[in-house]
Amino acid sequence: MTRRRERASFSRMSAGKFAIFAMFAASLCGAALAQGTQPDGNPPQDLGNPQPQSSKDDAATAMVGAWEFSNADRDKTCHFTFRAEAASNGRRLDIDKNCPNLFPSTKNIAAWAIDNYGDLHLLDAQGEAVIDLTQVEGGMYDGFSPEEGRYILQTAAAAPVRTTTDMAGDWAIARGAGKTICTLTLANSPAGPGAAADALTLKLKPGCDPFVMRFNPTGWRMQEGELMLLSARGQSWQFEENDSNTWQRVPESSDPILLVRQ
C-alpha cells in the first residue's frame, strides 16, 4: 500500500472513530437529562417556581388591610396597615407607634413588597428588606431574626380575640412615661345600677388621680377587640392591645394613657 493510500485509510478510520465517539457522548447527555442531572453528574440548579404575574397581583391585593404583627408567644403584638399606594420601591405600610418599642427592627420600615415567589418583604425607605416573611397559610406569614426571634404576621380578622375572661383582674392606669395614676379591678360580672347598658363591673381603688375621677368609669366591656372603660354619662375610653399585659388608649396622643395588668 502506498503512503497516500495509507494516509487516506487512516483518515477514514479516524473519522469513523470520531462519529462513534460523538454518538456515545450524545447518548450520555440524553441519559443525564432524562435522569434530571447534568452531564458532569451534578443535579441541575433549582431555580424555584416563580408565580405568574396574575398570582403575584392577587397576593398583593390580599395583603391590603389591617394585620397583627407579633412574636411566637403573642405576648408582644402591634398592628400594621398594608396599603396599595406606591412608596419606597414598594407599597405604603403604616405601623403603630408602639411597634418599635416591642420590635426595634420595625423602626425604619416604610414599605412592603411581594416577590415573584410569594415571599413578603418589609422595606426601609431605600427599598432594602428589613424583615423577610414566608406565607405558611392563607392570611398568615412567619419569619425569624436572631435578635428578635420568630415573627408571626396574620390578618386582624384571624388574630385571636381577647375575651372578658382574659381581661378580668387588677389593672393600673398609667400616664406618659408610665406613672401609675389609678388602679382598678375589672370583674366579669354585670355592673350594678347607674352603669352603662351591657357594662361589666369595674371598681376603682382609693387614691385615683383627678384626671381619672373626672371621667369616673363605672363599667367596662370588650367591643371589636378593643377594651372600653365606660362612664355613667355615656362617655368611653377605648384601649387597643400593645401586648397581653399592656393596652393603650386610642386614638394615640403625645401624652399616652396605658392600662397595665397588675
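Just so it is clear, none of the values below were taken in a lab; they were calculated from the coordinates. Values in this document were obtained by computation on a predicted structure and should not be read as measured data. All Cβ positions, glycine included, derive from the backbone under ideal geometry; neighbour counts span all protein chains shown.
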*asked:* Tell me the net charge near K97. Cut-off is 15 Å between Cβ atoms, K97 excluded, with +1 for each Lys or Arg and -1 for each Asp or Glu.
replied: -4
_Could you work out how much longer the chain between M140 and A158 gets when fully extended? Use 0.36 nm per residue separation minus the Cα distance between them, nm to one decimal._
5.6 nm
_Kirkwood Rh and Cα-based Rg: tell me the resulting Rg over Rh for the range 56-155, rounded to two decimals._
0.92
*On a C-alpha basis, how far is the centre of the range 171-190 from the centre of the range 199-262 in Å? Whole number, if you could?*
7 Å
*Sort F80, F211 so the one with the fewest other Cβ atoms within 10 Å of its own Cβ comes first.*
F211, F80
*asked:* Multiplying the sequence separation of N71 and R92 by 0.36 nm and subtracting their Cα-Cα distance, what value in nm do you get?
replied: 5.3 nm
